[in-house]
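The values are calculated or read from the model by the stated rules, or taken from the named source; none is laboratory data. Since this is a predicted model, take the numbers as computed values, not measurements. Methodologically, a virtual Cβ is constructed for each residue, glycine included, from the backbone with ideal geometry; neighbour enumeration extends over all protein chains shown.
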Amino acid sequence: MAGGVGVMIRDVVKAFTAGAGRLLVLDGVSLSCRPGEFVSVLGPSGAGKTTLLRLIAGLDRPQGGEVAIVDGSRRRLDRTAIRLGMVFQEPRLLPWASLFHNVRYGLQDRAKSMSRAERERAVQEALELLGLSGFSSYLPHQVSGGMAQRAALARALVSDPDLLLLDEPLGSLDVKNRLAVQDLLDGMAGRRSCIMVTQSIDEAVYLSDRIYILSERPASVVAEIEVSLPRPRDRLSAGFARCQRRVLEALGAAPRPRRPGPDLKVEG
Amino acid sequence: MNRALLPKPLGLLVPVVILFLWQGLSSRGALEPSMIPSPGTVLAAATRALRTGELARHVEISLIRVARGFLAASAAGIPAGLALGWIPSLRALLGPLLHFLRQIPPVAWIPLFIAWFGIGEGSKISVVAYAAFFPVLLNTEAAAALVSESYLELGEVYRFSRREVLTRIIVPGSLGPMFTGLRLALSNSWRALVAAEMLASASGLGYMIVLSRELVRPDVMFLGIAVMGLLGYAMDAAAVRLQKAVAPWT
C-alpha cells in the first residue's frame, strides 16, 4: 500500500459476557499507529491487550468507539485492501502442514502475482530469515516451541504485510533468537507499521517509536511515551535507561529510589 | 495409536494360553465335541476348507460385499459429514432425520431391502452400506463442526478463500475423527454383512456358518467365526496403518 497504512483507535469499548455477568475489558481506549511506525502496548496481564489486537485484525467487533485502518492521508481503508501479518500468542500453525506450507499460507494475494518458483523462493527466504532453512519439510509437532513461533513470524512476514500485529511474539524464544528477531524487526522500522503487545520493557524500548501503557482491566491508556532514540539502539546508553525508567514509572512499578550510601572519605 | 499390523508378543500370550487350555480340556474329554470341538478339529476343518477352495470362495464373496458397501458408505458419508459439519443450517435441517435413522439396526432393514433390491447382492450391499454410513457421517460431521475456531481465525487473518478454508483447514482438521469413523464403519459393515448372509444368502462366511449348523459341523462353524475375527482384526490394523501414513499428526 503506497503511503503506508496506519491504525486509529478511538474510545473503544469492548465487553464480553462472562457467565451471567458482563466483563468490561476495554473502557475507552484510544491509540494510533502512524504509517511506518512501530508501536508497543504494555500493561498488566488480562488488561485486554490481546483483545485490542483482535479488534484491529477484525476478529472481534467493539461495542463502542471505532477501530479504523487508514492510509497516509488518514482516509479509512477497507481491511481487505491491506495485507495483514499477525502473530498470535501461540504459534497457531496448522498441525497437518509442513513449515513450508504453513508459511506459504501467509502469502495471501501476493501469491497471485507470483510464479510457482517465485512463491517457493519467497517462502524459503522467509524461513531463512527466521533461521529455519533446514526445516521446511518438518511438521509443527516435530519442531520446538521456539521454532514454531519463528515459523509463525515467517508466515506473518512472507506477504510483505502493510501492517504487522504481534501478540507477545518473542515470549517462547531463547535469548539468542530473541535478540536476533528483535534486530530483524528493528531492521524493518520505518518500512511497515507494526503494533506489538509485549510484557518486556526492554523489548518495547528497543523497538518502538511509541509505547502505550494500559491500566488494569477495564483498560484505558494511562501513558503514551515517545521513544526518539536513534536506531539501532544501545541498551547500555543513558537514554535507553531513562526510557525504561519512564515506562516503569508509568506502569506504577518504578524501582525504589536509591538510598544515599555512606560517603567515602579518602584520607591520607 | 501405535499398533503394528501384528499384535505385540505380550498380546499373544492370553490367546495362546486359551488355546492350550482348550486343547488340553478337549483331549481329556472335558468338552463335548458337538458343542465345542477341539482346536485340532477346527484346524483340520480349516486345512480341508482351504484345500477344496471353499473357504477362499466364501471369504472372497464376503470381502467383496464389505468392500462395496463400505466404499459406497464412505463415498457418501465423508462429503455429507463435511457439509453437515461446516454448514450449521444444513445440520439443523437434516440432523433429526439422520439421528432417527441411525438408531435403526441395519439388520431390521433386511426384509425391506430384499423386497426393494432383490435377494441378490443389492440387498446385502445395501445393509453393509447402511451400517457403515452413520459412523463415517457422524464422526466426520462432529470433527468438521469442531475444527478449532483458532484455525478458522487464522484463515480469516490470512484471507483464505472458502475453498482454501475447506482444503487447508476443515478437511485435514477432520481426518483424525474421520479415520475413527472409518474404523467403526469397517467393523459395523462386517457385522451387518454376516447378519445379512445368515438371513438370506447362499454364499459368504455368514452362510458358511448357517450351513455348518444345518450339517451339524461345529468345527466349520468355529472356523467361520475365527476367520471373521481374524479378517476384522486385519482390516482394522490396516486402517490404523493407513491413518498413520496419511495423517501422521493425528
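A few comments on the model shown:
- For A:Gly190: the one exception among (1) more than 24 Å from A:Val29 (Cα to Cα); (2) of a type in the set (Gly, Ala, Ser); (3) modelled with pLDDT of 95 or more: (3)
- Yes/no for A:Leu127 being of a type outside the set (Lys, Arg), away from chain B (no Cβ under 14 Å), crowded, with 18+ Cβ neighbours inside 10 Å and assigned to a helix (DSSP H, G or I): yes
- Residue count for region B:138-173, restricted to those that are within 17 Å of B:Ser74 (Cα to Cα) and facing another protein chain (nearest Cβ under 10 Å): 2
- Count of region A:193-208 residues which are over 12 Å from the mean Cα position of the chain (by Cα) and surrounded by fewer than 22 Cβ atoms within 10 Å (Cβ to Cβ): 2
- Hey, A:Gln108 farther than 23 Å from A:Gly171 by Cα, out of contact with any strand residue (DSSP E or B) (no Cβ under 6 Å at 6 or more places or on another chain), surrounded by fewer than 20 Cβ atoms within 10 Å (Cβ to Cβ) and not small (Gly, Ala, Ser) or not: yes
- Among the candidates B:Ala226, B:Ala245, B:Ala239, residue that is more than 14 Å from every other protein chain (Cβ to nearest Cβ) and either under 16 Å from B:Ala44 (Cβ atoms) or over 15 Å from the mean Cα position of the chain (by Cα) (or both): B:Ala226
- Filter result for the condition that a residue is closer than 18 Å to B:Ala185 by Cα and either in contact with a Cys (Cβ under 6 Å, 6 or more places away or on another chain) or surrounded by fewer than 19 Cβ atoms within 10 Å (Cβ to Cβ) (or both), over B:Ile125, B:Ile87, B:Ile64: B:Ile64
- Residues (assigned to a helix (DSSP H, G or I) and modelled with pLDDT under 95) located in region A:147-166: none
- Restricting region A:133-163 to residues that are within 13 Å of another protein chain (Cβ to nearest Cβ) and polar (S, T, N, Q) leaves a set whose member that is surrounded by the fewest Cβ atoms within 10 Å (Cβ to Cβ) is A:Ser137.
- On the stretch given as region B:15-62, residues that are under 30 Å from the mean Cα position of the chain (by Cα), in contact (Cβ under 8 Å) with a residue 12 or more places away in the chain and more than 18 Å from B:Leu215 (Cβ to Cβ) total 8.
- Those helices (runs of 4 or more DSSP H) of region B:118-215 in which at least 1 residues are under 24 Å from B:Lys244 (Cβ atoms), considering only elements entirely within it, cover B:121-146, B:149-157, B:171-199.
- Residue within region A:209-223 that is modelled with pLDDT of 95 or more, assigned to a helix (DSSP H, G or I) and closer than 30 Å to B:Arg159 by Cα present: no
- Residue count for region B:216-246, restricted to those that are crowded, with 17+ Cβ neighbours inside 10 Å and outside any helix (DSSP H, G or I): 1
- The set of residues in region A:11-53 that are basic (Lys, Arg) and either surrounded by 15 or more Cβ atoms within 10 Å (Cβ to Cβ) or outside the structural domain of A:Ile211 (by TED's automatic domain parsing) (or both) comprises A:Lys14, A:Arg34, A:Lys49.
- Residue that is farthest from the other protein chains (Cβ to nearest Cβ), among those in region A:164-177 that are in contact (Cβ under 8 Å) with a residue 24 or more places away in the chain and over 30 Å from A:Ala81 (Cα atoms): A:Asp174
- B:Thr180 closer than 17 Å to B:Gly77 by Cα, surrounded by 19 or more Cβ atoms within 10 Å (Cβ to Cβ) and under 16 Å from the mean Cα position of the chain (by Cα): yes
- Candidates are the residues of region A:91-124 that are acidic (Asp, Glu) and more than 9 Å from chain B (Cβ to nearest Cβ); the one that is nearest to B:Ile169 (Cα to Cα) is A:Glu120.
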